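Reading through the structure tokens given below for one structure.
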Amino acid sequence: MVDKAAEGAEGIPFVMDVERGKVHEFARATFSDHPKHFKGESPVSPPTFLTTQFFWEDLVEDSNPWHKVNMSQERGMHAEQEYKFFGPPPKAGTRLHCRSRIEKIYEKEGRRGGTLTFAVMVTEFRDPDGNLVAEARLTGVETAKPPEAGE
């Protein structure tokens with residue numbers, strides 16, 4: 001069951017280096033054929049590249065506050081992922097200073113599963129000068145009861 005006390009929880013800041021080889025690998029894995037993801041020493045990362053933040057968070061204990069939400073493994077699911085950029089996506093060679101927080105937890109009435117509890121985690125990505133480069137918004141949802149067989 002979602003712990004509403006997790007709202008406002010912040011993770012420890014972590015650093016994410018946008019690496020040229022990883023930009024290439026991610027672009028290939030997502031079937032991008034746009035030359036800006038492959039050309040030069042500082043290719044532009046695909047917009048969804050920031051998903052790789054989770055690999056960087058793994059390197060810093062307590063940087064990802066999602067575990068505090070305590071969403072059920074049986075009734076929880078990933079509902080939405082959104083990226084907002086405040087300029088162009090970062091290029092290879094960029095060092096991003098990041099921090100994740102549980103922005104909000106709220107409920108809505110569902111049609112079949114009863115009450116749905118939503119949790120939103122926002123990760124901010126800042127350049128070395130502290131300017132906001134991008135935000136990633138992850139939304140998870142937990143149903144009040146487990147799905148019935150056959151659904």
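Take the range 47-89 and flag every residue that is open to solvent by 60 Å² or more (accessible area, probe 1.4 Å) and on the phi > 0 side of the Ramachandran plot. Of everything in the range 47-89, those that are open to solvent by 60 Å² or more (accessible area, probe 1.4 Å) and on the phi > 0 side of the Ramachandran plot turn out to be 62, 70.
Quick check: is even one residue across the range 81-89 closer than 30 Å to residue 144 by Cα and not charged (D, E, K, R)? Please lay out each step first, then the result.
Applying the first criterion (closer than 30 Å to residue 144 by Cα) to the range 81-89 yields 81-83.
Then keep just the ones that are not charged (D, E, K, R); that gives 81, 83.
Yes.
Suppose we keep only residues that are touching a residue at least 60 places away in the same chain (Cβ under 8 Å) and not in a loop (DSSP other than H, G, I, E, B) within the range 69-89. Which one would you say is nearest to residue 58 (Cα to Cα)? If you could, list the steps in order and put the result at the bottom.
Just the residues of the range 69-89 that are touching a residue at least 60 places away in the same chain (Cβ under 8 Å), to begin with: 69-72, 74-79.
Cutting the leftovers down to not in a loop (DSSP other than H, G, I, E, B) gives us 69, 76-79.
Working: 69: 17, 76: 21, 77: 21, 78: 19, 79: 22 Å.
Result: 69.
Residues of the range 104-121 that are within 20 Å of residue 62 (Cα to Cα), surrounded by 17 or more Cβ atoms within 10 Å (Cβ to Cβ) and either among the charged types (D, E, K, R) or without any contact (Cβ under 8 Å) to a residue 60 or more places away in the chain (or both): 120, 121.
I'm trying to understand the selection: among the residues of the range 65-97, which are under 16 Å from residue 50 (Cα atoms) and of a type in the set (Val, Ile, Thr)? Result: 94, single match. Can you confirm whether the range 90-98 contains a residue that is exposed (fewer than 14 other Cβ atoms within 10 Å of the Cβ) and in contact (Cβ under 8 Å) with a residue 24 or more places away in the chain? There is at least one residue in the range 90-98 that is exposed (fewer than 14 other Cβ atoms within 10 Å of the Cβ) and in contact (Cβ under 8 Å) with a residue 24 or more places away in the chain.
For beta carbons closer than 6 Å, sequence separation of 6+ or different chains, a first residue in the range 2-20 that is closer than 10 Å to residue 98 by Cα and a second that is open to solvent by 20 Å² or more (accessible area, probe 1.4 Å) and charged (D, E, K, R), the qualifying pairs are 12/62; 13/99. Set side by side, the residues 124, 142, 103, 135 differ, and just one is part of a strand (DSSP E or B), within 18 Å of the chain's Cα centre (by Cα) and at pLDDT below 95, which is 142.
If I filter the range 8-32 down to residues being in a strand (DSSP E or B) and open to solvent by 30 Å² or more (accessible area, probe 1.4 Å), which single residue comes out as nearest to residue 66 (Cα to Cα)? Explain how you work it out, then say what you get.
Initial filter on the range 8-32 (in a strand (DSSP E or B)): 10, 14-17.
Now narrow it down to the ones that are open to solvent by 30 Å² or more (accessible area, probe 1.4 Å): 10, 15, 17.
Values: 10: 9, 15: 18, 17: 22 Å.
Looking at residues that are in a strand (DSSP E or B) and open to solvent by 30 Å² or more (accessible area, probe 1.4 Å), I get 10.
The values are calculated or read from the model by the stated rules, or taken from the named source; none is laboratory data. Here the structure is a predicted model, which is why all the values come from computation and not from measurement. As a convention, Cβ positions derive from the backbone with ideal geometry for all residues, glycine included, and neighbour counts pool all protein chains shown. The accessibility values were calculated without ligands, DNA or RNA, using every heavy atom of the protein model including side chains. Shrake-Rupley method; radii C 1.70, N 1.55, O 1.52, S 1.80 Å.
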